[in-house]
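The values are calculated or read from the model by the stated rules, or taken from the named source; none is laboratory data. From a predicted model like this one, the values you see are computed outputs, not experimental measurements. Don't worry about glycine lacking a Cβ; one is built from the backbone with ideal geometry, like all the others, and counts go over all protein chains shown.
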Amino acid sequence: MIITPQKRWFLYSLILIFLLIGVPVWAGEEGVVKGSVVNIRQGPGTTYKVVTQTKAGQVFSILEKSGSWLKIRLHNGQDGWINKDYLEVNTVQKQVTVNGTNINVRKGPGTGYAAIGKVQSGLLLSVYEEKNDWYRVNVPGLGQAWIANWLTTQTTQNNTPTNNTTPAGNTIPASDTTPMQGTITITGSTVNIRQKNTLDAPVVTKVNAGDRLSVLSKQGDWYQVRLADGSTGWIADWLAIPDNGTTPSRSDQESEVLIAPIAEGKTFKIIDTGARPILVLEGWNSTEYKISTRQETNSIVLELQGPSERNYEGKLTRLGINNIKIYPQADKAIIEMAFAYPITQSVNYIGNLKVTRILVGTAENKQLSGKVIVLDPGHASVQSGGWLDPGALGKTTGLKEKDVNLSIVFKLKTLLEADGARVVLTHAGQTYLSLAERAQVANNISANIFVSIHSNFSDGNNISGHSTYYYAPSSDPVLGSQRTSRQKLATLVQREMVKTGGRNDIGVLQANFAVLRETTVPSILVETAFLSDKTEESLLGSDAYRQKLAEGIYNGIKAYFQ
Ligand SMILES: [Zn+2]
């Protein structure tokens, strides 16, 4: 085509008009899933492989159409195809953010309609329909609802709509580029770094799981990173986690990014603090829920009392939450959240408000992370009359068993804690607890294991060496059911203690000791060596040898958890 001066002038005008009106407002389409369990396929037809499944209420942005099939952007950033019969397609008129706290969303367009939930400031909503002064929107966790337009602000459209119009659950407002300082660690294996912050941008290089990169900024779901050669690139934020100390340069105010009413007067919320998320339960008192952490899957599970019909599945990649699932189970509501990183949690209950805040932290991914171990230094009980039970006394020097036990326990505690375990002692020098109450310490906190440390004594001659006891009679339903774990723990600790202690291997024995009988968690009693044996008494008196024993027991515990 020959560009005549007239045509050139026309082109210039077009460009000028574009510059004046700015980037055209994007109006994409979102589909809300209708079927209960729906297949998502690799291509537009039932002959294509099923890549995943979805269910009612899930929201996806629609990328293109082919016959009766729709191409959608999946929550993991990849694309898939779904039959149009299973998707209620809504044209996104615009996107708005909620202004103000506790804003009612209603069944219909007017205050005369029943409120079906509340939303909070900052929540990003796609508007499907406008009626009078009301918007029909999809509220994550709630479904379709109407919100008054005067309680929202229109969000500026971003020029990469398919990437920040994140579907169900990921309701973080699209923001402009936020400068950041710090580093991120790659969590995906072989991850693309792209020229721009879109999934179709050219790949400039690849990085691997565990690689650490400096962050320059954050835009939507993307980090801008500095590469080894000094150039920059973009990486999707669900493939990396920010390292400690990585902070966006914006003000760190808390914003509620997910609000899920569970039942009348009971709500579950996720708060973005700019660092790790906070989970909030409103309306339950502290006896009406159970919070558990599953280290193997980096997940937190909340069991909330009271019937609920809430069903929801989504994710919040920016907060490192790969999956959020809410579903009823008997007379409870269950909330499962899988995180992209090893987690810790601490609970703060505000009784008069019936509000529980669960602070999610990053656990270092160590071998014993999340394990709760109760150590019991043998003896040192305050007896009636006020004297302290010293345990056995060394035949030669009168070395007190309680001091040897305590010293080994402290060394063992240091080793276990360095490996991520949470260690609880039954006492740290003297105690009023009975033997059954020492066992109770472990039972009360559902410890993973209970380990009692003793030193042996025999009036007969020539007995020396290491031994480990457990108790698991089949007549006892609790102890009998733990037979395998109790025996395994005893066997591995004995094996490793013999290696580092180097004395005679007496072996693994069974005995009806009170602490072993009364513990409802797997337990052992370790007899390190003999205070009645001259050589061993001398060894037990030495700090270096106590350290060796502690290391052996520690190695055994580690082996038990592997
Ligand atoms: Zn003892």
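When the residues of segment 482-496 are filtered to those that are hydrophobic (A, V, I, L, M, F, W, C) and in contact with a strand residue (DSSP E or B) (Cβ under 7 Å, 6 or more places away or on another chain), the one that is surrounded by the most Cβ atoms within 10 Å (Cβ to Cβ) is ALA490. Checking every residue in segment 347-369 against the condition of being within 16 Å of the ligand (Cβ to nearest atom), touching a Gly at 6+ places or on another chain (Cβ under 7 Å), in contact (Cβ under 8 Å) with a residue 12 or more places away in the chain and at negative phi gives zero matches. The set of residues from segment 263-293 being of a type in the set (Ser, Thr, Tyr) and under 17 Å from the mean Cα position of the chain (by Cα) comprises THR273, SER292, THR293.
With a requirement of 2 or more residues that are over 30 Å from TRP284 (Cα atoms) and modelled with pLDDT of 70 or more, the strands (runs of 3 or more DSSP E) lying completely within segment 224-268 that satisfy it span 232-236, 240-242. If we keep just the residues of segment 352-374 that are of a type in the set (D, E, K, R) and in a loop (DSSP other than H, G, I, E, B), which is nearest to ARG294 (Cα to Cα)? It comes out as LYS371. Condition first: surrounded by fewer than 16 Cβ atoms within 10 Å (Cβ to Cβ) and in contact (Cβ under 8 Å) with a residue 40 or more places away in the chain. Can you find one or more residues in segment 272-283 that meet it? No, the conditions are met nowhere in segment 272-283.
Restricting VAL404, VAL409, VAL423 to residues that are in contact with a strand residue (DSSP E or B) (Cβ under 7 Å, 6 or more places away or on another chain), among the aliphatic types (A, V, I, L, M) and more than 22 Å from ARG503 (Cα to Cα) narrows the list to VAL423. The set of residues in segment 501-540 that are over 41 Å from the mean Cα position of the chain (by Cα), closer than 17 Å to SER407 by Cβ and more than 16 Å from the ligand (Cβ to nearest atom) comprises SER538, LEU539.
There is at least one residue in segment 491-514 that is on the phi > 0 side of the Ramachandran plot, out of contact with any Cys (no Cβ under 6 Å at 6 or more places or on another chain) and assigned to a loop (DSSP other than H, G, I, E, B).
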